[in-house]
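The values are calculated or read from the model by the stated rules, or taken from the named source; none is laboratory data. None of the values given here were measured: they were computed from a predicted structure. Cβ placement follows ideal geometry from the backbone for every residue including glycine, while neighbour counts extend to all protein chains displayed. Surface areas here come from the heavy atoms of the whole protein model, side chains and all, with no ligands, DNA or RNA. Shrake-Rupley method; radii C 1.70, N 1.55, O 1.52, S 1.80 Å.
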Amino acid sequence: MNRYIAHLQLHGAAFLVGISALLGQSLAVSAGMIVLGRAAFALLALSLFCLCLRQRPWRGVSVATAGKLLATGSALGMHWILFFVAVQTGGVAMATLGFATFPAFTALIGWLLSGLRPGHIDSLILLLVSAGLVLVTPSFDLNDSSTEGLLWGVLSGASYAAIAVANKHFSSDVGGLPACWWQCLAISLLLLPPLWRELPLVESRDWLLLMALGVFCTGLAYSLFITALKQVRTSTAAVVIAVEPVYAIAGAWLVFGSTPSGGMLLGGALILGAVAWSGLRSAS
C-alpha cells in the first residue's frame, strides 16, 4: 500500500507541475511577478510543512552552504522567468516541450566539462530530441510567436540543465525540502525590490492564481515528490517526470482548446521518449 500511495504522490506531483504552465498562461501579470508570487507562496507553504515535520530549514546550515543555496535559488528564479516568458509567448505546449529538452543539455554540459566523447546511445538520444524539436517547430520564422515561445522554452531547459549540473558540484548535506525553502527565499529576496511597485496592480483573481501556483504547484508538488522518492525507484520517478508535459498539453487542450497538430504530437513523443530513456539510463 505504501508503494501504491507513493506512485500516486509521484503522479500527483507531475500533474501539479504540469498545471503550473496553465496557471502561467491564465495570469495577467508579468513573468517576473509570476515567479515572485510563486516563490513567496511556496516559501510560506514549505515553512508550514517544515514546522509540521518539526524541521527548521535554517538549522545546521553553515554560511558557505547558505550562500550556495541562495546562489542556486537565484539561478532557479531566472530559469522560472524564462519558462513563463515561453508560456506567455508561445503557449503551454511549446513552452513545456522546449523545457523538456533539458536532459539533452545536461548531457552536453557534462561532456564539455569532462572532455569525454558521447557514446552511441547518448548521441542517439540527442538526435531524437533534435528531431523532435524540428517536428514541433510550427515554422522557422522568428516572428512567429509559437516559434519564439519554443525557443524561450529551450533556453529555459538549457538554464535548468546548468543549474542541475551546478547542484551536483555544490551538493551539501541539506535535505530536499530545506534546500527548496532556501531557494524560494533567494528568489523572493531577489525579485521583490525590482517588482514591489507592481504588487498593488495585481488583481484579486491573479493573487488567487499565484497562491495556487506557489502552494499547490510548487510547495505541495515538491513535498509529494520528495516523500514519494522514499518508496519509489529513481528510474520510475524519471519516467513519471518525463510525462509532466503530457499533463500540461492535455490540460491546455481541455482548458484553452489548444489542439496539438500531428507534427507536435509526433515530435513531442520523440522528445518525451528520449527524456524517459535518458532518465532511465541516469537512474541505472
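Observations, loosely collected:
- Within the stretch 248-275, residues that are under 15 Å from ALA21 (Cα atoms) reach partners that are open to solvent by 40 Å² or more (accessible area, probe 1.4 Å) with beta carbons closer than 6 Å, at six or more positions or on different chains, in the pairs ALA252/SER258.
- Residue within the stretch 268-279 that is open to solvent by 70 Å² or more (accessible area, probe 1.4 Å), within 19 Å of the chain's Cα centre (by Cα), modelled with pLDDT under 85 and on the phi < 0 side of the Ramachandran plot present: yes
- Top-ranked residue of the stretch 46-100 - restricted to ones that are over 18 Å from ALA166 (Cα atoms) and of a type in the set (D, E, K, R), ranked as surrounded by the fewest Cβ atoms within 10 Å (Cβ to Cβ): ARG54
- Of all residues in the stretch 25-54 being assigned to a helix (DSSP H, G or I) and β-branched (Val, Ile, Thr), the one that is farthest from the chain's Cα centre (by Cα): ILE34
- Residues satisfying the stated conditions in the stretch 102-161, i.e. touching a Pro at 6+ places or on another chain (Cβ under 8 Å), assigned to a helix (DSSP H, G or I) and not aliphatic (A, V, I, L, M): TRP111, SER146, THR147
- Of all the numbered requirements in (1) more than 20 Å from ASP206 (Cβ to Cβ); (2) open to solvent by 30 Å² or more (accessible area, probe 1.4 Å), SER26 misses one, and that requirement is (1).
- Note on the stretch 192-266: enclosed helices (runs of 4 or more DSSP H) holding 1 or more residues that are at pLDDT 80 or above are 204-214, 221-228, 244-256.
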